[in-house]
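We did not get these values from a lab; they are worked out from the coordinates using the rules stated. Keep in mind that what you see is a predicted model, and the values were worked out from it rather than measured. Here the Cβ is made from the backbone with ideal geometry for all residues, glycine too, and neighbour counts use every protein chain on show.
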Amino acid sequence: MSQTATAKGPGSVAEAGTDSAVAIIAPTTSNSEKILRVAVPVGMLVLAIVVWQVYVMATGTPKYILPSPVDVAGSLWTDWPTLFPALLVTVRITFSALILALIGGVGLAIVLVQSRWIELALFPFAVIMQVTPIVAIAPLLLIYAPDTQTALLICAFLVAFFPILSNMVQGLKSVDHNLLNLFDLYGASRWQQLIYLKIPAAQPYFMAGLRIGGGLALIAAVVAEFAAGSAGAGSGLAFRLLESQYRLNIPRLFAALVLLTGTGVAIFGLTSLVAWLTLRRWHESAVKREN
């Protein structure tokens, strides 16, 4: 009985010299390192806020010049009914533009890599859209778009589109040539190569483009609203920033900036989490070093 159990267990004599006899232990992160990863950035942020508060109190700087963190928190609380709807507008435009950029960027990248002639014909137009300042495009979009929200969405889409397209094209073209030759040897079609080889190999590049595009979509949504000069109940945080500046309500201005910053950090954290969940089991950028 014991000999049979030994023969069937991992690392047994019957499996000696095979891959199943080797136990692969994934490197782990200690609890102290996990705590430090959270405590160090949070501690530095708290320290910066404390220094800010002490400086304002020590110098007696008025609120209309530099509000203290307490003033900003108070404005965030009292002006929440005004700031929160504006935040929802900005977030909706940002994520809508990012989703459209993902669909358009990935789709166009797949089309471009199918033919060298298609790439030569279409890629210059994508470059032209990227290098043209969004502030210069916004007035034209306000003329041709059916409404202001659509114009803002197009502006944010154009800014987030190119990084995703560029990274995806680079990833699809960076496949190991030996693997391509192997697929050709086994008679794989062009679409089989795309689905089973090129797209999986392009995932790290796509995730890099996703992180960049997420941040740029938020920036473009704010800049486009500045350029469009939109106002009213359906306006985003950019209008609230301008409104606070004109009225010298600097605490509200800082509160709106805090919301924008928090939104940007949340988008970066979300895209980084998606990238880590996708790549953590196989790609070097997400796998912890063993040594």
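The figures follow:
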| quantity | calculated |
| --- | --- |
| Under the Karplus curve 6.51 cos²θ - 1.76 cosθ + 1.60, θ = phi - 60°, whole-Hz ³J(HN,Hα) for the stretch 202-219, x wherever Gly or Pro sits | 8, 4, x, 5, 4, 5, 5, x, 5, 5, 5, x, x, x, 5, 5, 5, 4 |
| Order of Leu45, Leu218, Leu142 under a 10 Å beta carbon neighbour criterion, fewest first | Leu45, Leu142, Leu218 |
| Karplus-derived 3J(HN,Hα), 6.51/-1.76/1.60, for each residue of the stretch 255-260, Hz, glycine and proline x | 5, 5, 5, 4, 5, 5 |
| Reciprocal mean inverse distance between Cα atoms of the stretch 67-279 - Kirkwood radius, Å | 18.9 Å |
| Residue exposure sequence - Tyr246, Tyr196 - by fewest surrounding Cβ within 10 Å | Tyr246, Tyr196 |
